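Bear in mind that the values in this text are calculations on the coordinates, not laboratory data. Note that the structure is predicted; figures quoted are calculated from it, not measured. Glycine gets a Cβ as well: all are built from the backbone with ideal geometry, and neighbour counts include every protein chain shown.
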């Protein structure tokens with residue numbers, strides 16, 4: 001066995017490490033969940049709850065404090081005072097005086113009481129706006145830093161493979177480039193504010209069998225390399241992320257938590273990651289209890305540590321006493337522990353913890369400032385996708401005297417929030433505690449947006465269940481109105497407490513409960529009906545965009561957050577034009593899953609099967625209140641396999657009102673040594689245009705965007721024809737051209753940039 005290589009660190013860190021006993025070392029490699037109780041806010045949390053008292057667990061110091069603000073509804077200022085005092089205790093009353101890293105969830109904003117709640121990541125993807133996501137990340141990081149938090153457990157860079165999976169709302173898109181660019185933007189924003197971002201879930205978690213949580217993953221090495229890994233690589237190489245969290249998954253029989261190939265050889269040796277790998281909650285113990293690759297917790301700890309996991313979260317079930325016993329028995333080389341301890345101490349030095357005095361906790365703090373809300377509103381507005389529209393939208397407020405607002409999500413603030421929002425993740429266990437935020441519902445926002453109309457509110461049915469007793473009342477309200485707005489969709493929660501979210505996987509993709517029946521009954525009245533879907537996954541609602549029971553318009557909003565209702569009302573009224581695009585295909589049916597627009601020829605519909613896998617609406621689809629035209633796509637007729645490509649296209653607003661287009665550049669490698677997708681997004685840009693205005697959009701596309709993993713496992717660009725096109729979705733070719741790549745097979749090296757450069761020049765005004 002080769003000797004364990006220790007990481008390079010400062011002399012200060014090396015000196016501190018040299019003083020440590022084994023117990024003091026192990027204390028730095030575990031977290032402690034001070035507030036853990038009976039609430040189910042993590043998988044199997046109750047079953048894995050530690051019986052060790054905090055005073056005993058932290059006698060030699062502690063690596064992490066787990067979710068100090070995010071486990072129960074605690075007043076932020078009061079909790080900060082406790083935290084500052086506790087950090088002083090660790091500094092003054094433990095032998096080496098090393099403070100703890102405090103980590104929190106921050107997927108839709110800081111998961112703490114009274115903190116701003118932003119749109120869910122699937123909405124980030126629908127916005128196609130990395131710059132705004134980076135701005136959001138910076139605001140979230142600023143709030144965390146004020147509260148003495150150091151590490152955020154986000155973003156999720158899992159590429160969506162199957163919408164039946166409950167955690168789809170935590171993901172950004174089904175396209176790895178969109179996931180990578182937007183996820184990396186979030187990393188930059190959070191880390192600019194001094195918070196270490198944590199990529200999760202590395203890797204393969206979203207490709208689980210049949211869309212089931214914690215199920216086996218059967219991805220081959222090419223799917224892993226070309227689809228699932230690129231977002232993580234971008235965030236490591238381009239984003240400089242400081243922490244990574246392992247996936248719960250097993251890939252081809254090997255749990256990721258025990259995979260040295262992934263956690264060390266790939267992540268560190270090939271990609272150059274030099275931060276800290278933390279375990280997903282209880283995943284080290286799961287090597288024993290769920291994967292059964294370790295006979296006990298000590299063996300589980302040894303496997304995880306050797307693979308490359310440095311810190312066990314949220315507690316020390318395996319890395320504390322069981323690992324100590326394994327080291328003392330000689331079963332585990334203490335050098336493995338030294339390697340991880342040095343990484344943790346290096347991180348604490350980088351965060352400033354070794355010099356922090358903790359003498360001035362905040363006396364007051366606003367976690368939901370006007371700036372937070374402004375960014376939350378902009379992101380919500382940009383993420384709303386107009387799926388269909390027969391002209392009923394935008395609503396003519398002057399002509400409306402009575403509006404029926406119907407549906408289980410119409411008057412619910414919780415329906416605007418994702419699974420990892422504090423409202424749905426924690427407050428659901430504390431029904432008597434106020435939300436702590438201004439959270440208008442869709443009804444509230446429409447009453448403000450349409451002040452001249454009487455608003456009748458009828459629930460009609462619940463999100464789930466089979467009680468149809470309220471549908472007749474909903475139909476009557478619709479008949480009496482000028483327009484009916486039916487708000488349907490999901491309720492996010494955990495492990496059965498909801499219709500989507502962690503552990504809430506499904507075996508069909510119909511709208512839950514009786515919501516389709518409610519919608520069809522309202523449509524049957526003949527009153528113009530607008531369907532608003534508030535959901536955390538795309539549903540099989542093709543019937544709503546094309547068919548005899550289709551409403552006049554369908555609007556998709558993926559859990560748009562605290563300002564989501566205001567954004568929806570603004571889009572319905574026309575005060576804001578919709579500009580969101582589908583970051584995931586709208587499924588035809590559950591039976592057509594798993595499906596990805598990145599499929600090879602055999603993955604699409606054909607004459608040799610009676611099953612149709614084509615989605616109801618394609619990736620990239622989204623309508624506007626104006627019309628955009630794309631023309632004159634231009635690229636070199638011939639280019640070297642190792643040369644980047646300059647591609648230009650003209651986009652024109654041919655409508656009568658201002659709008660934002662998401663210009664989408666797709667490519668197809670017509671013939672290659674391995675099968676290739678029939679379409680692949682290689683670049684995108686948001687372009688705002690006034691009526692009649694045109695712009696010339698230039699994409700500087702790194703040749704690596706056209707690379708793939710060949711039969712030898714190398715990432716290459718091969719000579720041959722590449723079809724390029726721009727259109728309103730992946731399947732619509734509005735303007736196209738072909739580039740012939742010439743020269744030898746070109747192997748892509750890490751030095752190649754992975755992000756496309758975009759420039760937009762005014763071409764003409766008419």
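Structure notes:
- Nearest 10 degrees, 0 to 90: helix 297-307 Cα axis against the chain principal axis: 70
- Expected 222 nm ellipticity per residue - DSSP helices of 4 or more, -39500 (n - 2.57), all of the chain, to 500: -7000 deg cm²/dmol
- Cα pair distances exceeding 18 angstrom across segment 256-344, given as percent: 36
- Shape call, segment 628-765: gyration tensor on alpha carbons, a/c limit 1.5: prolate
- Taking only the C-alpha atoms of segment 187-290, the Rg (one decimal) and the largest Cα-Cα distance, Dmax (whole number), read 13.5, 39 Å.
- Cβ crowding within 10 Å, taken as a proxy for footprinting-reagent exposure, orders 505, 310, 432 from fewest neighbours to most as 432, 505, 310.
- Each principal axis of the Cα atoms in segment 386-603 has its own extent, and those three values, largest first, are 49, 48, 36 angstrom.
- By the compact-protein rule of thumb, 2.2 N^0.38 Å, the alpha-carbon radius of gyration of segment 126-227 corresponds to a ratio of 1.14.
- Cβ-based exposure ranking for 502, 170, in which fewest neighbours within 10 Å come first: 502, 170
- Mean separation of Cα contacts under 8 Å (6+ apart) over length of segment 386-603, as relative contact order %: 28
- Segment 628-765 - percent relative contact order, Cα under 8 Å, separation 6 or more: 31
- Relative contact order (percent, whole number), the chain, Cα cutoff 8 Å, 6+ residue spacing: 13
- Cβ-based exposure ranking for 200, 53, in which fewest neighbours within 10 Å come first: 53, 200
- For segment 313-398, the Kirkwood radius over C-alpha pairs fed into Stokes-Einstein at 20 °C and 1.002 mPa s yields D = 109 µm² per second.
- The chain: angle of helix 370-383 to the longest principal axis, Cα-based, in degrees nearest 10: 60
- The long axis of helix 76-93 is offset from the longest Cα principal axis of the chain by roughly 20 degrees.
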